[in-house]
Each structure stands twice: as C-alpha cells, then as structure tokens.
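The values are calculated or read from the model by the stated rules, or taken from the named source; none is laboratory data. Quick caveat, the model's predicted, so the values are computed rather than measured. Glycine also receives a Cβ, built like all others from the backbone with ideal geometry; neighbour counts cover every protein chain displayed.
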Amino acid sequence: MSTLAVRRIGGVPLARLRDLALVPAIVAIMIIGYLVNPVFLHWDNLVNVLQQQSEISLLVLAEALVLITGRMDLSLESTFGLAPGVAAWMVLTPGLANGLGWLPGGFSIPLTLAVGVVIGLVNGLLIVKFQLNGFVVTLGMLIVLRGLLTGITGGKTFFNLPDSFLYLGNAVWLGLPASIWICLVLYAAAGVATGYTRFGRSLYAIGGNPDAARAAGIRVDRVLWTVLVIASALAALGGLLLTGRLASVAAAQGNGAIFTVFAAAVIGGVSLNGGRGTIFGAFTGILLLYLIQNVLTLAGVPAQWIGALNGGIILVALILARITSGKAQD
Amino acid sequence: MTAEQSSAIGREDPRPVAAAHTVSKRFGVTAALDEVSLEVRPGEIHALVGRNGAGKSTLVSLLTGLQSPDAGSITFGGADAPSPGDREGWRRRVACVYQRSTVIPALSIAENLFLNRQGRLISWGALRDRATELLRTWEVDVDVRLPAGELSVEQRQLVEIAGALSHGSRFIILDEPTAQLDAQAIDRLFTRMRSLREQGVTFLFISHHLSEVYEVCDTVTVMRDARHIVTAPVSELPKEDLVAAMTGDATGLITPSSGRPAPGAGSALRVTELGLPGHFTGVSFEVRPGEIVGLAGSGGSGKMAVAESIVGLRRAATGSVLIDGSAPRPGSVPAALRAGAGFVPQDRHREGLVPELSLAENVTMTVPERLGSYGFLSPRRRAALGTTAIQDLSIKASGPEQPVSALSGGNQQKVVMARALAGEPRALILMQPTAGVDVRAKETLIGTAEDAARAGAGVLIVSDDLDDLRPCDRVIVLFKGSIVAEHHSGWHDHDLIAAMEGISS
C-alpha cells in the first residue's frame, strides 16, 4: 500500500507550529519596545506588565476553555466584578459603603469563589439542562450580573476591605507578586490538563464534533457543566486578584473586558467554533496585547488615543494570525 | 475462489457473527422494517442491497445499537446484544464505517483512534506508538500525528476500520464505502477487504453498484419495501434475478394520462456537453416544449448535479445550458429564472421553503415583480396568487396566510411545486419532486407536471423514484457522470434499473 503515503508537513506536526505562532510577534514587540524606550526591558517594568495582565488573563483562560468546548461565555466579565462584590457586601459592616456585615472578613475569599461556582451552575442549568442558546443566555447573565453588582454597591465602590480580602492581590511570593504566580500556575495546570488528561482532551472532542464525542462514550453534558463552572470560578478568582490590588470593588469592575478577552483568545489561535486552540496560545494572545499597550504607554502615546490604537492592534494581530496560520479563522 | 476459504471458516463456527431475528421498526405510520431477518456468517463478505428506502439504513442502525427494534431481536455470535446504553459493549461487537466522516477533524489521527481511551494521564509518545502499531498491524500507512481532517476519504475509511478492529470488533459494516472513491481506490479497498477476510474479519457491505457485489461479496441479501426478499450465495444468484429481487413486480400507481399532444418544435431546454469535474462529463440532451423527460441514475451518478447546474445552484465547468433559447449566466439562479426556468429543489427543507413564512409568501418568493413595482409588494395580489395555488394543487391549508411549517409534508411539497410554477416557466426542472409524500400527493404533483407540459412547458424530472418517471416521454440514464442509455416510454423497470446500476443488459 505504498500508494497511501501521506504528505508530511516539514516533519513537525502543524498544530505544534500554530501554538508558537505568536512567539515571534512577542519577540518583535520586545525589540521594538526596547528601541522605543530601554526602560521597557527592565525587570520591574516586565513584572509590572505581567501583574497588570494577570487578572484579565484568568478571564482569557476561562474563555479559552469554554471556546475549546465549542461554547462561549460572555457573562465572565460580570462575574469578574460581581463575585468579589458579593463577598465585600457580605463582610463589610454598614457605614460609609453599602454592606451587610453578616460574615467575618476571613470568609471573603471562599465567598468570592463560591459566587463564581454558583454563577457557573446557573449558566450550566440554562445552557446544558434547558438547551438554551449559550450566546444569548450568557449575554442575559452578563446584564443581570452587572445589574446586581450595581444594585448591591448602590452604584458606588466598596472599599475599606478586610486584609484577608486584599492578601492575594498584594502578596509577594519569592520576589514576584502572588497574582503572577497564581496566573502562571493555573495556566500551566490548564495546559497540562487540556494536553495530557482524558478530561482535557474531551473538551476538544466535544468542540470538534459533539456527536463523535458522544459516540466515543464521553459524557458530553457533564463535561460542559464542569467547564462552565470552572470558567466562572476562574473569573471570580481574577476579580479577587484585581480587588486585592486596587483595594476596592467598583460597580464597573470588569465592564467591557470581555471584548479584550475574546480578542486575546482568537489572536492566540483559539477557534470561536470550538475544538481548536491551546491554552499556551491563549496566554501568548493576552500577553502580546498587554506588551503592546505597555510599549504605547512608554512611547508617550496620549491616553485618549490608546483605545483606538488598541482596537487597531487587535485587528492587525488577527490579520497576522490569519496569515501565519494560513487557515480561515472561525 | 476465496469463497471456499470463507466457507471453511464458516464451518468451524456455524453461529452467525451478527443476526437480526424478525426485527420490525416503525417511524410514525411508515414501517421502516417489517419482520426482517438477517444472518451474517463468520468470515464472509455479505452484501446488503436494495433501492433507496428499502430499509437498509434502518437495519444498520439496529445492528449498531443506535436504535432499538420495536419487535424482534439482535444477537452477536449467538448471544444477546448489549443494552442500548452500553456503547463500549456494542463497539466490541460491531463497527460501522459511514459515508459521512465521523472523525474529529482538528485532532490527530492517533487521538481519534483512542478517543476517550487515552488513559488518565496521556503520554503522547506512547499514544502515537500505540496508534502507529495499530495501523501497522492492519497495514494502513499514514502518519498518525496528522490531523484527521487531512485524511482522504480512502484513508479515513481505512483508519476507521483499524479503529473498529482495535475495539475488538471483528464485524464491520461498510455503508456505501465506494460511493466517493475512484476506480483504483475501489480496487485497493476490495483487496484490503479480501485480506482482512483471510484474517477472520466479517463484513456487511452496502452498495448501490451491483457489479461490486459480484466482484467482492460471498453472500447477498436483498431488501425491498422494508422487507427481506432473498439471501443467497452470490454465485447462485444471476444478475437478472438480483435486479428482479430489487425491483419486484412493482406496478406503478401512476399511469401516464393519455391525451398529451406531441411535443412542439424548438427546444425548451438544451444542454450541450455540460461537465463538472467529479460529478459529470459531456452531458447533452434536449427537452422540447410539451415534452417530459426523465433523468435517472443511482446515488453517485451525478444526475442531481446536472439538474442543479441547469438551474444555477451549481456552476458547470464546461458546456452550455439554453433555456427557451437564451443562455443564462452559469451559476446564477436569478438568471436561470429570468430565462424561463422553474424548479423544485432536491431538499424542500433546506432549499425549498422558508418554514415560518406564509404559504403565499413562499409561493411568490420567486416572482416579486408580479406583486407590484419599484420593490413594493402588494399583500392583496400575493394572497390572490396563494389562493390560486391552493386551488390548482389542492393544497390542504387554512388559507394563503398559514405558515408552511404547519402543513404536512405532501402539502409542503405542493407549495414548492406551486413556487416552481409561479413564474409560468418554459422549462420546469423537478428534483425528487415526490420525496417523502404519500401516494395521493404524488399523483397530484406528477399530474401538475403533466399539466405544465400540456400547457407547453418542457419538463425535466430527476428522481430516484421510478413512479415519478412513468409519465416521461423519454428517460435518460446517467451512470458515473455520463449518459449511458435512453429509454422511450414503455420501458421496463428491469432495463432501467440495470442501466442505473451500470449493468449492460
């Protein structure tokens, strides 16, 4: 059967190359950044960039997991604000800001994560159990959750938070901010899980061809529930880190972040149609966006123009990713 | 002949590898299987043949555990079939390679082979080695690291066969495996099947090409109208008898109504040297005004592609189409409609109807210019045209404003037909015009086509259903993309089917 010889692509599996597609871009932006302002490559500046992106990168991680499974979750950005918001509401004593003072401050971290889990369960109930369209469900959830946060804050900001609340956002472990460690460890864990465990691979199978996944004995519904809950919990954790760093929960925390999150995931090679993309790719996507933003700031671009440039950069990055991967994006 | 070897294996273990015992299955009012029995002996290649709708697919879905029989039972090696939820149990006993790909395109071949069996913590090296080893065992030469989406149809089939064997199954159902393969690939597949048979693998082979049955199979089972007709060794069943078993002594319910005038002069539709690589080549024919011409052929014959090229749903690579003397821009449906074509598309659900819109809107969708000028539509005129359609085709509907989704299948198809006729076409092209409708609706639909011919339109009927073709003045038969025969009215079913199956009679 020599007639069945298969065309090989340079000896290296193409999928591998696609994972690394953004690495040259990141190297290039490092060089440009150094030329623009040598401060860019200083250790402190790089740590600063990593810390700034650590919170939103957890949203990207969450969204990447959901996208690989062939769904989307828009509500993550609201969870990012509401989860720490609810915790603050519960532990703060009534006074300057709204607060119930029902629980001692030590509950703030578990409370935040629990709110994330509950939101994930509700999403799962609506999407998996009731078979509602995921896009619309999470759009509705995005609006509801944002409204809840506005309601409990009274449109203002929670501050004077207990120390335990602020710990993760401020602590320094082994010379690096804890949020960077948390972000890196979670990305590494998710990378291993999606690359090397049966559960992780089932996300790709479901996203690529749900019928085939079901036929192979994968419990599709259970996996979807799990992914939605993990994603919401990750979003809650991201919100917790930001709250810790800023020592507050604003009514608008996370507002509009979902667009950056989707952009980062897609630039990083995660398909909106499911079944394609890697966790590492998603990480390079968000890292690239923040590095570019940092270079722009260092170059002295007026703050008013950063928004327009950001949008432009996302489009250029998409075009570049389309060219380097050679495949139509979906 | 290798049949001797297989029967030798058969003597060692007389229990059938897989068997259906008087199974029945109904979907709503239609019986998909009516007390069908089938026994597949170890080590044979067993052909399952029958025309569309004979019940082959339903039987396969019962044998693979995707559906449960209403009555009767399935056994494997004499033992009861696993429970419906036990997918792993079914996979150890039987596997089916479908025409449609069931792999996950973005994942590697190795991962597809061992999907959900990778182990707790995956070692990619070990998984690749296992996959490579598996494919080497069954002599499939592909790189397991490639994404499964890059496999050709032939390779995909071989990989799926190897995957099935790795589950422990030694009984494999091949559902029309040759439909998308070229001649060399078919030869290689047959060689492969014979060598696997030597190794104790049993096949149930579904094909529309009877010549393939004689080439590779040991036993053949014929189904017709949801019933088992005959099972016999291939060597003992001559082709004529096989064709007769497939067709039966079907007397058509539709008798050509008399009194249609002879076709007029000129041409309503002229197709010249039409070609589309992979589908058909050098197709030329003419339909005169008032004439009804049939286009027949088996599944892969390209007959639908020819019809779709005529009406602009596809774009032929070579050749020309003349509708009522003018040549519409190829690949443009509006141009074909303007030139005077009207058509019923193949799949009414996908291309024929907008289900939530009203009957009247669906009927008039192709003729907005008749509802008003400057892009405005008159609801009154639309309702009038809808009412006319209801009367002309005796559509059972509450009125022109009823959404078509609320109509029965036969009445929906009448709406599609009414839409095809709304522009008073000079050339009427009907693709599977009576698919899934009952006998009464069938008569009305075909009667309407005859009326259109009487009124001077040239009608082309493309159908798998011989009854649809009975009113035709001529039937043109396509086989593997070329015209192989033309039968004038009064043809015998046997001759037509023999031509469709590529057997020169």
| said: So B:Val94 passes all but one of these: (1) of a type in the set (A, V, I, L, M, F, W, C); (2) in the same structural domain as B:Gly77 (by TED's automatic domain parsing); (3) surrounded by fewer than 21 Cβ atoms within 10 Å (Cβ to Cβ). Which condition number does it fail? | reply: (3)
| Condition met for B:Val201 (more than 9 Å from chain A (Cβ to nearest Cβ), touching a residue at least 12 places away in the same chain (Cβ under 8 Å) and buried (at least 21 other Cβ atoms within 10 Å of the Cβ)) | yes
| query | Here is a list of conditions, (1) of a type in the set (Gly, Ala, Ser); (2) under 22 Å from A:Val137 (Cβ atoms); (3) within 14 Å of chain B (Cβ to nearest Cβ); (4) surrounded by fewer than 24 Cβ atoms within 10 Å (Cβ to Cβ), and A:Ala212 meets all of them except one; can you say which number that is? | reply | (2)
| In the stretch B:94-134, what count of residues is obtained for those that are away from chain A (no Cβ under 11 Å), over 30 Å from B:Gly78 (Cα atoms) and within 29 Å of the chain's Cα centre (by Cα)? | 0
| In this structure, does A:Leu132 turn out to be of a type in the set (A, V, I, L, M, F, W, C), surrounded by 13 or more Cβ atoms within 10 Å (Cβ to Cβ) and over 22 Å from the mean Cα position of the chain (by Cα)? | yes
| Meets criteria (charged (D, E, K, R), within 26 Å of B:Pro328 (Cβ to Cβ), touching a helix residue (DSSP H, G or I) at 6+ places or on another chain (Cβ under 7 Å) and in a helix (DSSP H, G or I)) for B:Asp451 | no
| task | May I ask you to list pairs of residues, at least six apart or on different chains, whose Cβ atoms are under 8 Å apart, with the first in the stretch A:199-225 being touching a residue at least 60 places away in the same chain (Cβ under 8 Å) and the second being aromatic (Phe, Trp, Tyr) and assigned to a helix (DSSP H, G or I)? | result | A:Val223/A:Phe199
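For every residue, the table says whether it meets (1) touching a residue at least 12 places away in the same chain (Cβ under 8 Å); (2) closer than 30 Å to B:Ala148 by Cα; (3) surrounded by 19 or more Cβ atoms within 10 Å (Cβ to Cβ); (4) not aromatic (Phe, Trp, Tyr).
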{"site": "A:Val23", "(1), (2), (3), (4)": "yes, yes, no, yes"}
{"site": "A:Ala62", "(1), (2), (3), (4)": "yes, yes, yes, yes"}
{"site": "A:Thr112", "(1), (2), (3), (4)": "yes, no, yes, yes"}
{"site": "A:Val122", "(1), (2), (3), (4)": "yes, no, no, yes"}
| task | Test B:Val437 against the criterion of being of a type in the set (Val, Ile, Thr) and assigned to a helix (DSSP H, G or I), and give yes or no. | result | no
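This table checks each residue for (1) surrounded by fewer than 16 Cβ atoms within 10 Å (Cβ to Cβ); (2) of a type outside the set (Val, Ile, Thr); (3) in a strand (DSSP E or B); (4) away from chain A (no Cβ under 11 Å).
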position	(1), (2), (3), (4)
B:Gly85	yes, yes, no, no
B:Val140	no, no, no, no
B:Ser169	no, yes, no, yes
B:Leu174	no, yes, yes, yes
| task | For the stretch B:39-91, enumerate the residues that are in contact with a Pro (Cβ under 8 Å, 6 or more places away or on another chain) and among the acidic types (Asp, Glu). | result | B:Glu39
| query | When you scan the stretch B:301-392 for helices (runs of 4 or more DSSP H) that lie fully inside it, which ones turn up with 2 or more residues that are buried (at least 22 other Cβ atoms within 10 Å of the Cβ) and outside the structural domain of B:Pro277 (by TED's automatic domain parsing)? | reply | B:359-363, B:379-392
